[in-house]
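> The structure's right below; bear with me while I get my questions together.
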Amino acid sequence: MLTLTWLRGLLARRAGRLSITAIGVALAVGLLATLGSFLSASKAQMTDRALKSVSVDWQVETQPGADPQAVLTSLESTPGIKAAVPVGYGDTKSFETTTGATVQTTGAGVIVGYAGDYRSVFPNQIRDLAGATTGVLLFQQTAANLHAAPGDQVTVTMAGLPPVTIKIDGVIDLPEIDAMFQKVGAPPQSQRSAPPDNVILVPLDQWHRLFDPLAINHPELVSTQVHVDLVTSLPHDPAAAYSKIVGDAHNLELKLTGQVLVGNNLGAKLAKARSDSLYAQILFLFLGTPGAVLAGMLTVTVAASGADRRRREQALLRTRGANSRQLLSLGLSEAIAVGVAGSILGLGLALLVGRAAFGTAGFGATNAAAVTWAAFAVGAGLTIAAFAIAVPAWRDARDISVVAARQTIGRRREPRWQRLWIDVILICASLLVFWLTGRNGYKLVLAVEGVTTISVNYWAFLAPALMWLGVGMFTSRIASFVLRRGRRPLAWLIKPMSAGLSDTVAASMSRQRRLIARGVTLVALTAGFAVSTSVFNSTYQQQAEVDAVLSNGADVTVIESPGASIPPNVITELSAIQGVRKVSPLMHRFAYVGNDLQDIYGVNPTTIVSDAKLQDSYFQGGSATSLMTKLAHRPDAALFSFETVKDFQLAPGDTVTLRLQSGTTKQYVQVPFTYTGVVKKFPSAPSDSFVIGNADYIAKMTGIDHVGTYLIATAHGDSTAVAGRVQTAVGTNALVNDVASKRRKIGSSLTSVEMAGLTKVELGFALTLAAAAAGLVLWLGLNERRRTFATAAALGAKRRQLGGFVWSEAIYVTVGGLVTGAAGGWVLTNILVKILTGVFDPPPTTLAVPWAYLALVAAVTVAAVVIAASSAIRSTRRPAVQLLRDI
Amino acid sequence: MSNSSTDLLVRCDRVARTYGSGPSAVVAVHDATCQVHPGDRIALMGPSGSGKTTLLHLIAGLDDPTVGSISWPALGDRHSLRPGPLAIVFQSPSLLPPLDVVENVALPMLLLGTDRKTATNAAHEALARLDLDDLSSKLPEELSGGQAQRVAIARVLAGRPRLILADEPTGQLDHATGIRVIDVLIEAADELGAALIINTHDPLVANRLPQRWDMANGRLTILGGAKIC
Ligand SMILES: Nc1ncnc2c1ncn2[C@@H]1O[C@H](COP(=O)(O)OP(=O)(O)O)[C@@H](O)[C@H]1O
Ligand SMILES: [Mg+2]
C-alpha cells in the first residue's frame, strides 16, 4: 500500500528524472535486443546462403565391391533425399586434337558420365559457353588447351585400350569444379591441390560404353558417385544445421556400411558458415557490449544526480517512522517499476527497428531466439535499474546519517584506485593479454573440420574489456589531475571566457573535479565508443569491398570468352561507355611451369597497383608498390606463388624458364623469367598457383600483345549498371562481371551478410550516446548546482560572469572528453581490428576512418553541450528567488 | 535627519506582490508603503507566511512588485544594487560550496571588477574583524551553521554596502549562536554606517533593534520606534 502511494507520489513529483532513467534503460535494452535480432537474422541468412550456394549437397561415392545400382536404389528411398542422380568418373591418359598440321595433346584427364536429368536437378553445376547443351561437353580450359570447338573430334586414350574418338557438341564451364572432383572422404588437407585441367562430360550410357571395359582390368581408374539433392529443412543456426547435416551423412554411411563414403559439400559450406556465425556473434559482442554498458553507466549517473533529494526524502520518511526494510523495499519497487517500464520501451524500440530492417519478420529469426534475446536484454535492463536506483537506496538505508556522503566537494583524498594505480595496471594487463593472444596469431575461433563442436577463445575478450576499463579510469585520473595540479595554467586558459574571474572559476572547478572528471570520462567513453565502432565498421566495409574487388579484379571486369577475341580498339570503345572512369588491360595467358599449367598475368607495373587496387597483403616479402617497382626495373622479373617457390626450391634471382604459347606458330616456346617475389593473391587470379610478369615482356617474347582481360574502374557507385552497358557493347565476345553482383554471390562468408542495417543501428546508437552523455551529464551537473548559481546571481553576478563558470566547465568537459575519447578509441580500434583479424578477409593494411561520421559525432556533442550550458545560464537570468527560500 | 530625497535609501510606494493568478492567487505583500533612511535599524517582524521574505526581496531588487513602485534614490538603479551598495544575508546557507571562505568573502568584490589582490586583502580584513581568520581556508561544508552565517556577514562587510538586508539570519541556528550572529550583524552595520533591516519572528532578536515594522497577512505596519537621526 505504502509502495503504491510512494510510486504515485514519485510519478507526480519526479517524473522527469524517472523517465530519463527509464529511457536510459530502454536504450540499453533496445540495443541488446536489436543486436540479438540482427544476430539471429544474420545467422539464419548465413545458413540460407550456405544452402543456396551449394549445388550438389552430397556426393556419395560407391566403394569398391559395392553395387552402384543397389546404392542408388537405397539412396532414392532414404527419407530426406529429394533427388539422387548417378554420375560416373573415368580417368584417361590423354586427349588429343588435330588442327590443320598441328597436333595438341593434353596430359591425364577425366571423363564424367552424367545422367539425363542431371542438369535439371543441379542447374548450377554446368554452365554453357558454346555449342550444344547436351551430348559431349568439353571443359573450357581443356578446349583452350586443345584449340577445340563444338564439332571438333577429340581422341581419348585410356590405359590398355585402343583410342576412341568422340565428337564435341558443346563447350562448358564447371563452376563447382573443386567440389566435383574432390577426393570423397579425404580430409581437406589431403585433397588434390587443384582440380583436373582436362575434363569431358558425356551422357551416362556413353560413359558406360567407354569405361565398363576399362573397369574390368583397371577398377582403380573408374568410380561412380550418386549426387544428392537434399530436402533442406535445417535449423536456422549454422552450427545446428551443420550438426544435423553431418549427423545425417554419418547415419547414411552407417546404414550402408562400407558401401559408400559421403562427400558432404553442404556440410563443408555450413562448417564455414558456422565459424562465420560465431565470428558474427563475437563481433556483436565486442561492439555491442560496451554500448550497453555505457548506456547503463549513463543511466546510473543520471539517477545518481537525484541522490541528494532521495536522501532527504528518506530522512523525512524515517522521521515519520519508516524502517530500513520498508525504505529498501520502496527503493526496490521504484527500481523494478523503472526497469520494467524501460524494458518494455526498449523492446518496443527493438521491434520497430527490426520491423524497419526485416519488413514484417520482426524480432529475431526464430521464436526461441527472440525470447532468449528479449529475456537477456530485459535482464540487463533490470540490472541497470537496480544499480541506478536500488543499490544507492540500499546504501542510504544502511547509514542515512553519513555526513561524508553529502560532502561532494571536500578535500577527500583521491580514490583508492588512483592511489593504487589500478587504471595503469589494467591498461598494462590489457596490453599483456593482447600480446599473448597475438602470439597465437589472434585465433579466436577454433573450428575443426568434421568436429561438431566449435570453440571460442574468450580470453581474447579480456584485452579490449580491460582496455575500456583502464582508459575510462585513466581519463578520470588525468582529468582530475589537471584540475588539481594545473589550476594556474587552467586559469590562464579560461581567461577569455571567465570575465575576470578566472582564478575563482579555476578554484571552483578544481574543487569540483570529481563531478567534472566524471563528465569528462563519460564523454570520453562515449566518444571512444563512437570512434571504435565507426572506424571498425568502415574498415570492415573497406575490406569487404577489397574482398569483392579481389575476386572480381576491379569494379567491372571484362574477360574474353574462349575462342572469341576482342578487337584491339576495345579500350577506346569501353572508355566511351557511360560510367566508365578508366580501362586498364590485364594480360591473361597460360604458361607451363614445369609440367604444371598455370595462369600467367602480364601487368603494367607502373599502373597496376592503383588500377587493380592491389593490397600489401597479396604479397610476401615486400609491399605491393615495392614489388611492382622491382618488376618495373627488370623486364623479365616475375612473381610466383608460394607452392611454386617451394616445389622448385627458388631463391630470389633464380632464372625460371616457362613455356608460353607463341602467337605466330601456336607452339609453346621457352621464355626465361627471374624470380623476384611471392604473390599470394591477385585480382581475378585462381586461388592456387599463378604467375605475375611484365605485360610488355610477355608480349615481346610470345610475339603477340593479345590481352584477354580488362579492368574497369567505374566513375561512381553502380557497378552493376555499368557492367550491363559494357556487356551490351562487347556482346558475346566476353564475360562481364561486376563487384556488386560478385559480392552478392560470395558464398556464406561473413562479408556478404548484410551488415548495413546493423551498422546503422550501432552508429545511430553511438551518436545518441555521445550526445546524451555530453548534454545530459553537463546539464544535470549544472542543474544540481542551480542553488549555487542562484546564490551567485543574488549576490549580483552578471549573466556573463555566471556564463564564465558554466562555459569553462562545459569546454573543459567537451574538449577533454573528445580528445581523450578519440585517443582511447583509436587504441581500442587497433586492438579490436588485430584481435578480430579473422573477421577480415583480406586483413586490412590501413584503418578506414569515417571522418564525416566522426565530425557529426563531434558536432552533435558540441551542440548538446551548447544547449545544456546555455539553458543552464538562461535559468539563472533572473535570480531564482524561490530557490533561495528553500531549506 | 535630512529629508533630501538623495538621502533616502529605499522608497516603496503602495507596493504589492501577488503570486499566481485567478482564484489560487496569493497576495504576499499588500499595499506596502515604506522608506529606509541611512542609519535605520529595523526589525521586520511577523509570523511565518506573513510576507516578510517577499518584502525583503522586493526591497533588495531581487523581485518585482506586481503593483506599485520601488526606488533606491541614494543607491542607484536596480541593476547596480548588487554587488555594491546593497547586501543580503540569507536565511539558508548562501556560501558557494566550491569556494573556500576567503574566496567566498572576496566574491562580491571580484564581481564588481576589483582586482584579485585587493579583494583578497579586503576579505582577510573583514574575516579578521569578525574573528574568523582561522577559517579562511576552510570550505563551506566544513563550517558549522553559525560559522557559515558569520562568514556570510563578513562577505557583506567586505563589500562595504550602505544597506544590509538579513532574512531570518538566525532561523537555522540555536538561540545563543543566533544572538551572537545578530550582535555581529549590528556591529558590522555600525562600523559601516549602513542601514540594517532584519527579518525575524523572534521577539528577542527584534528587541535588539530600535525600529520595528510589523507584517501580518501581507499588510505592513510601521511601528516606528527610536529613530536614529
Ligand atoms: N512562489 C510562490 N508562489 C505562491 N505563493 C508563494 C510563493 N512564495 C511565497 N508564497 C506565499 O506568500 C506568502 C508570504 O510568504 P513569505 O514572504 O515567504 O513569508 P515569510 O517570509 O513571512 O514567511 C506565503 O503565504 C507563501 O505561501
Ligand atoms: Mg521568510
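> Once the convex hull of the alpha carbons of segment A:551-745 is built, what does its volume come to per residue, in cubic angstrom? Kindly include the intermediate steps, with their values, before the conclusion.
On the way: hull volume 22.6 nm³, N = 195.
Output value, Cα hull per residue: 116 Å³.
> Between A:ALA859 and A:ALA66, what is the label-to-label distance in nm when each label sits 7 Å out along the Cα-to-Cβ direction?
About 6.6 nm separates the two model spin labels.
> For chain A, with only Lys/Arg (+1) and Asp/Glu (-1) charged at the beta-carbon, what is the dipole magnitude about the Cα centre, in debye rounded to 20?
Values: 77 positive and 56 negative charges, 1631 e Å.
About 7840 debye.
> Taking the Cβ of A:PHE481 as the centre, find all other residues whose Cβ is under 12 Å away and add up their charges (Lys, Arg: +1; Asp, Glu: -1).
Values: positive: A:ARG477, A:ARG484, A:ARG485, A:ARG487, A:ARG513; negative: A:GLU414, A:ASP423.
Net charge around A:PHE481: +3.
> Quick check: residue separation of A:ARG439 and A:ALA715 times 0.36 nm, minus the Cα distance between them. What number comes out in nm?
Working: separation 276, 0.36 × 276 = 99.36 nm, distance 4.27 nm.
Full extension of this stretch gives 95.1 nm more.
> Kirkwood Rh over alpha-carbon pairs of chain A, then Stokes-Einstein at 4 °C and 1.567 mPa s: what D in µm² s⁻¹, rounded to an integer?
Details: Rh = 32.2 Å.
Estimated via Stokes-Einstein, D reaches 40 µm²/s.
> Considering only segment A:551-745, what is the antiparallel percent among its DSSP beta bridges, to the nearest 5? Walk me through the numbers before you get to the answer.
Numbers: 37 of 46 bridges.
Here the share of antiparallel DSSP bridges comes out near 80 percent.
> Students often forget the sequence filter, so: which aspartates and glutamates lie under 20 Å Cα-Cα from A:LYS646 once same-chain residues fewer than 8 apart are removed?
A:ASP596, A:ASP599, A:ASP654, A:ASP688
> Still on this structure, please answer the following. So which helices of chain A fit the span-like rule, where a helix is a whole DSSP H run, its Cα atoms reach 30 Å or more along the axis, and its mean Kyte-Doolittle is at least -1.0?
Details: long enough: A:15-53 (54 Å, 0.81); A:265-304 (57 Å, 0.96); A:324-358 (49 Å, 1.37); A:462-485 (33 Å, 0.99); A:513-552 (56 Å, 0.38); A:756-784 (41 Å, 1.24); A:799-835 (51 Å, 0.81); A:851-874 (34 Å, 1.87).
Counting only whole DSSP H runs, the qualifying helices are A:15-53, A:265-304, A:324-358, A:462-485, A:513-552, A:756-784, A:799-835, A:851-874.
> If you take the C-alpha gyration tensor of segment B:5-222, multiply each eigenvalue by 5 and take the square root, what semi-axes do you get, largest first, in whole Å? Don't skip to the answer; put the middle values down first.
Details: eigenvalues 165, 74, 53 Å².
Result for segment B:5-222: semi-axes of 29, 19, 16 Å.
> Shifting gears a bit: Compare the Cα positions of A:GLY109, A:LEU828, B:SER48 along the charge dipole of the protein assembly as shown (+1 at Cβ of Lys, Arg; -1 at Cβ of Asp, Glu; about the Cα centre) and return the one farthest towards the positive end.
Result: B:SER48.
> Let me ask something additional. May I ask which residue of A:PHE181, A:ALA271, A:GLY296 lies farthest towards the positive end of the charge dipole of chain A, with charges of +1 (Lys, Arg) and -1 (Asp, Glu) on Cβ and the Cα centre as origin?
So the residue furthest toward the plus end is A:GLY296.
> First measure r as the distance between the Cβ atoms of B:THR33 and A:LEU847, then evaluate 1/(1 + (r/R0)^6) with R0 = 56 Å and state the FRET efficiency to the nearest 0.05. If you can, show how the numbers build up before the last one.
Working: r = 76 Å, r/R0 = 1.36.
The computed FRET efficiency comes out at 0.15.
> Which one of A:SER120, A:THR99, A:ALA148 has its Cα pushed farthest toward the positive end of the charge dipole of segment A:80-231, where Lys and Arg give +1 and Asp and Glu give -1 at the Cβ?
Projecting each Cα onto the dipole axis, the largest value belongs to A:SER120.
> So, one more: Work out, step by step, the length gained on full extension between A:ASN595 and A:THR572: first 0.36 nm times the residue separation, then minus their alpha carbon distance; give nm to one decimal. Working shown, then result.
Values: separation 23, 0.36 × 23 = 8.28 nm, distance 3.81 nm.
Full extension of this stretch gives 4.5 nm more.
> Per the helix-only calculation at 222 nm, which mean residue ellipticity applies to chain A, given -39500 (n - 2.57) for every DSSP H run of n ≥ 4 and division by its residues, nearest 500 deg cm²/dmol? Each step should come with its number before you reach the end.
Numbers: 31 runs with 482 residues, N = 887.
Mean residue ellipticity at 222 nm (helix-derived): -18000 deg cm²/dmol.
> Also: Only bridges whose two residues both fall in the protein assembly as shown count here: according to DSSP, what percent of them are antiparallel, nearest 5?
Antiparallel: roughly 75 percent of the beta bridges in the protein assembly as shown.
> Next question. For A:LYS613, go through the aspartates and glutamates and keep the ones whose alpha-carbon is under 14 Å away, minus same-chain ones fewer than eight residues off.
A:GLU545, A:ASP547, A:ASP555
> Taking Cα pairs under 8 Å and at least six residues apart, what relative contact order does segment B:5-222 come out at, in percent?
Numbers: 443 pairs, mean separation 66.5, N = 218.
Contact order relative to length: 30 percent.
> Calculate for chain B the 222 nm mean residue ellipticity that helices alone would give, adding -39,500 (n - 2.57) per DSSP H run of length 4 or more and normalising by residue count, nearest 500 deg cm²/dmol. All intermediate terms of the calculation are to be shown ahead of the outcome.
Values: 6 runs with 71 residues, N = 229.
Helix contribution divided over all residues of chain B: -9500 deg cm²/dmol.
> So, counting K/R as plus one and D/E as minus one, what does the shell of residues with Cβ under 15 Å around A:VAL154 add up to?
Details: positive: A:LYS93, A:LYS167; negative: A:GLU96, A:ASP152, A:ASP169, A:ASP197.
So the environment of A:VAL154 carries a net charge of -2.
> If we count other beta carbons within 10 Å of each Cβ, what is the order of B:SER50, A:SER120, fewest first?
Numbers: B:SER50 22, A:SER120 9.
Going from sparsest to densest Cβ surroundings: A:SER120, B:SER50.
> Just the number, please: Stokes-Einstein D of segment A:80-231 in µm²/s, Kirkwood Rh from C-alpha pairs, 37 °C, 0.692 mPa s. Mind showing how you got there, number by number?
Working: Rh = 15.9 Å.
The diffusion coefficient I find is 206 µm²/s.
> A:HIS218 to A:VAL340: extension gain in nm, 0.36 nm per residue of separation minus the Cα-Cα distance?
Extra length available between A:HIS218 and A:VAL340 comes to 36.4 nm.
> If you don't mind, another one. Under 18 Å between alpha carbons, and skipping anything fewer than 8 positions from A:LYS443 in its own chain: which aspartates and glutamates qualify?
Cross-link targets: A:ASP276, A:ASP841.
> Net charge near B:ILE88, counting Lys/Arg +1 and Asp/Glu -1 over other residues with Cβ under 11 Å of its Cβ? If you can, show how the numbers build up before the last one.
Working: positive: B:ARG82, B:ARG155; negative: B:ASP167.
Value of the local net charge: +1.
> For a test of the definition: using alpha carbon positions, the gyration tensor, and the 1.5 limit on a/c, classify segment A:88-139 as rounded, prolate or oblate.
On the way: a/c = 3.16, a/b = 1.69, b/c = 1.87.
Oblate is the answer for segment A:88-139, as a/c is 1.5 or above yet b/c matches or exceeds a/b.
> Here's another thing I want to ask about it. For A:ALA186 paired with A:ALA132, estimate the spin-label separation in nm (one decimal), with each label point 7 Å from Cα along the Cα-to-Cβ line.
For the pair A:ALA186/A:ALA132, the computed spacing is 3.4 nm.
Values quoted throughout were computed directly from the atomic coordinates according to the rules given, and no laboratory measurement underlies them. Please read these numbers as outputs of a predicted model, since none were measured by experiment. Using ideal geometry, Cβ is built from the backbone for each residue, glycine included, and neighbour counts are taken over all protein chains shown.
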